[in-house]
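See below for the structure under consideration.
The values are calculated or read from the model by the stated rules, or taken from the named source; none is laboratory data. On a predicted model such as this, the values are computed, not experimentally measured, just so you know. All Cβ positions, glycine included, derive from the backbone under ideal geometry; neighbour counts span all protein chains shown. For accessibility, only protein heavy atoms count, side chains too; no ligands or nucleic acids. Shrake-Rupley method; radii C 1.70, N 1.55, O 1.52, S 1.80 Å.
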Amino acid sequence: MQCPACGNPIQGAFCSHCGAPAAPPAYTAPPPNAYAPPPPAYGVPFPGRVQRHLQILGILWLVYGAYRGLTGIIGAAVLTGLSHGALQNWSAPPTFPYGTGAHWMAGLAAVVAAFTFFSTILSFLVGYALLNRKPWARTLAIVIGILQLIHIPFGTALGIYTLWVFGCSRSAAEYEALANHT
């Protein structure tokens, strides 16, 4: 190795004639693509939030739909039983919960059953659409997730989780890329 200042041979880190430091060794670049990321999946450069949580979210919506259906059926059955208990006991004095006019519970049971059926169908639709990556599933999941926020605790948790996965603008582009490639 030669000194860059005076041209004399250098034995160590400095020139013995002029005291100039030896030039650092030339940098050699790594070969191309040595640190390249893996190829993108479905046009997304890395597995983002939507891709990581989409299947879990779809399954949770299906489970929540089954839960809503079961609790609605039980609620409608209890209200129907209460209304029949009130109608069978005309001669006895009214007692709680079969007070006078408890026959309205049969109508309430029908409303509960209809509301539960509609809510269950929507939950199953969201779960099915997310698992099959339908283009309209993200919008439906956000709308139904917002509506489920009032159903404490499970609807609230599922609504927050849905909004966390799909809420940001990057999630829209990522879901669109996932939905277009299936």
- Identify, from the list Val126, Val143, the residue that is of a type in the set (Val, Ile, Thr), buried (at least 17 other Cβ atoms within 10 Å of the Cβ) and under 16 Å from Tyr64 (Cβ atoms). Val126
- Val143: closer than 16 Å to Val63 by Cβ and either part of a helix (DSSP H, G or I) or over 12 Å from the mean Cα position of the chain (by Cα) (or both), yes or no? no
- Message: For the stretch 129-139: of the residues being in a helix (DSSP H, G or I) and open to solvent by 40 Å² or more (accessible area, probe 1.4 Å), which is nearest to Glu176 (Cα to Cα)?
- Response: Arg138
- Take the stretch 146-182 and flag every residue that is β-branched (Val, Ile, Thr), open to solvent by less than 50 Å² (accessible area, probe 1.4 Å) and either on the phi > 0 side of the Ramachandran plot or in contact (Cβ under 8 Å) with a residue 12 or more places away in the chain (or both). Thr162, Val165
